[in-house]
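Just below is one structure, and these are the notes that go with it.
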Amino acid sequence: MWSWALYDFANSSFTTLVVTFVYATYFTQGIAENEITGTAQWSLAVTITAITVALLSPYLGAIADRGGYRKRFLLITTVVCVAGTVALFFPQRGEVLLALTLFTIANIAFEMANVFYNAYLPDIASPEKIGRISGYGWGLGYFGGLLCLVVALFAFIQTETPLFGFSTEGGENIRATLLLVAAWFALFAIPMFLFVNDKPVPAAERSGNILQQANQQFVNTFNEIRQQYRQVFRFLVARLLYNDGIITIFAFGGIYAQGTFGFSTEDIIIFGIALNVAAGLGAAAFGFLDDKIGGKITILISLVGLSGATVLAVFTQTPTGFWIAGIIVGLLAGPNQSASRSLMGRFVPPSKENEFYGFFAFSGKATAFMGPFLLGQFTALFESQRAGVATVLLFFLIGGVLLLLVDEKEGMALAGKSRKA
């Protein structure tokens, strides 16, 4: 169990330093022509990642289950992500295409690795403990990202003499944080491959056309969710949209802080540390609220707060105002994702956990390109990052309205569960 959770500790270094707070901002400032062009280019890379993962994840996940390839696929995607992160150290100013290509490859591998990693949860956790064990991984992930940020700040960025002889010229010390991420990810992922084993797949399940079986499984489960479990379908449609808003915030928060409010790399890392602390506290506190009032209301509360924080971030003219907006996002983004997962758990009928959570994962990626794409397009069209960030509000508002159509009590009844359960 702890070896599984430690993988979350390992891979959070990538999403925290590369995708959100350090390399994303360095790209717009140190590689791209300017912040506006760089933001649009970065959004394209994130968009390509989301589309690719949405298309591949249901099928590769089914193939891994049918053929017993899960650990093999996890190892391959982990190695590709680590190698891609190392390669990102080399592109310098003007080498936009090379940097974006390497980032896209590494980011796709990271997201696909999460598909196979998450699939282990039902195997290592009993039904009555699956929530807390998932929480252990989530909590270790926040801590891992936070700790890696702190190491990066003091070892490579906020110092005149970075470790291992790296120079501050040409942003070399900033790019050195990529090597830290790669080493961190590789080192702490090792226990996952040593101590977490796959269940053997019966030979009968490995026979036949595995790809064809995967396609048929995808269609059958989709039809069942759409027709028999209508509240699940309504919830997943709502999540398609509001989750896009959260993905976009995390992908472009650091870029926005640097381009619009003039945050330095050091400022962004400190900002990232504060957001990780807030997210951890928010997830813990709202977990109790979720048990009291239900997942739907908890998600709606978080969406109202996230919408207000977005408005504040767009219109504030001061770094202080942006800091306040950022802390609100940190406090509410974790609870939103946690409550979404628990609400899905309340809607899942017995013995169908794996299939339904497969679609839950799909709903998090199927349209995840929309937020980054619109942000990039509006940023380029109006030549303003504020205009781009304002588009996030649409996803929170429309997703919230669609969530109002979900009947939590009926969804639980259709799954054969009571509110107490």
- Which residue pairs have Cβ atoms under 7 Å apart, sit 6 or more places apart or on different chains, and have a first residue in the range 88-100 that is more than 19 Å from residue 183 (Cβ to Cβ) and of a type outside the set (Val, Ile, Thr) and a second that is surrounded by fewer than 13 Cβ atoms within 10 Å (Cβ to Cβ) and modelled with pLDDT under 95? 92/170
- Task: For the range 5-26, indicate whether the set of residues that are surrounded by fewer than 24 Cβ atoms within 10 Å (Cβ to Cβ), at pLDDT 90 or above and touching a Leu at 6+ places or on another chain (Cβ under 8 Å) is non-empty.
- Result: yes
- Note on the structure: Taking the range 77-122 and keeping residues more than 17 Å from residue 18 (Cβ to Cβ) and touching a helix residue (DSSP H, G or I) at 6+ places or on another chain (Cβ under 8 Å) leaves 93, 94, 115, 116, 117, 118, 119, 120, 121, 122
- State whether one or more residues within the range 284-303 are among the hydrophobic types (A, V, I, L, M, F, W, C) and closer than 22 Å to residue 15 by Cα. yes
- Query: Restricting attention to the range 251-277, which residues are of a type in the set (Ser, Thr, Tyr) and in contact (Cβ under 8 Å) with a residue 12 or more places away in the chain?
  - Reply: 256, 260, 265
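Conditions tested, residue by residue: (1) out of contact with any Ser or Thr (no Cβ under 7 Å at 6 or more places or on another chain); (2) in contact (Cβ under 8 Å) with a residue 12 or more places away in the chain; (3) closer than 26 Å to residue 193 by Cβ.
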{"site": "22", "(1), (2), (3)": "no, yes, no"}
{"site": "34", "(1), (2), (3)": "yes, no, no"}
{"site": "38", "(1), (2), (3)": "no, yes, no"}
{"site": "43", "(1), (2), (3)": "yes, yes, no"}
{"site": "49", "(1), (2), (3)": "no, yes, yes"}
{"site": "60", "(1), (2), (3)": "yes, yes, yes"}
{"site": "64", "(1), (2), (3)": "yes, yes, yes"}
- Message: Just to check your reading of the model, which residue among 126, 57 is among the polar types (S, T, N, Q), part of a loop (DSSP other than H, G, I, E, B) and modelled with pLDDT under 80?
- Response: 126
- From 316, 310, which residue is crowded, with 24+ Cβ neighbours inside 10 Å, among the hydroxyl-bearing types (Ser, Thr, Tyr) and farther than 24 Å from residue 147 by Cβ? 310
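The values are calculated or read from the model by the stated rules, or taken from the named source; none is laboratory data. Note that this is a predicted model, so its numbers are computed, not measured. All Cβ positions, even for glycine, are placed from backbone atoms using ideal geometry, and neighbour counts span all protein chains on display.
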